[in-house]
Amino acid sequence: IPDEVQSLASLEHLGLVGGPLHGTIPDGIGNLVNLTNLHLMENRLSGTVPESLSKLINLEYASLSINENLTGDLDFLCPLENMINMSADCGGADLKVTCSCCDSCCAATEHECCVVKSLPWADIGYCFPTLPPALQDVDNPFSE
């Protein structure tokens, strides 16, 4: 992600989707406090998602999915009060990202996502080889 982007203080929408981006997400993205939409999916980003993103108090939509080498726990983004929808690579068999508040969990290598919050039970095994603790006590309407 070009360094120049980090100095665009009034930027509200950052969409760098399906491109050749590689490397890490710069810590300076957290300084874009007017950002409401952050879409960095379908790239080749790597490393840990910087905790500076927790300063994006106006963030409503965040798409960090389908980046094969992003890692870490995204729960530091859960307290963002304006967040409406967040997706990350927290599904599939090879979990590199954890996110208890993501709306959609994707498998980075398979380019497929499943919706977690509405709990489509047919897909839940794909989303999580083992059910996360937050979902273990939820009643499955399709079980016997």
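Taken together, the values in this text are just the output of simple stated rules run on the coordinates, not laboratory data. Quick caveat, the model's predicted, so the values are computed rather than measured. All Cβ positions, even for glycine, are placed from backbone atoms using ideal geometry, and neighbour counts span all protein chains on display.
Just order 3-12, 38-47, 82-91 by mean Cβ neighbour count inside 10 Å, highest at the front, would you?
Working: 3-12: 11.6, 38-47: 18.9, 82-91: 21.7.
Taking the mean over residues of other Cβ atoms within 10 Å, the ranking is 82-91, 38-47, 3-12.
Residues with amide H under 5 Å of T48's amide H, sequence separation 5 or more or different chain, H placed in the peptide plane at 1.01 Å from N; which?
Excluding prolines and chain starts, which carry no amide H, the hits are T71.
Give me the mean projected area, in nm² to one decimal, of the convex hull enclosing the Cα positions of the range 1-60.
Numbers: hull surface 14.3 nm².
One quarter of the hull surface, i.e. the mean projection, equals 3.6 nm².
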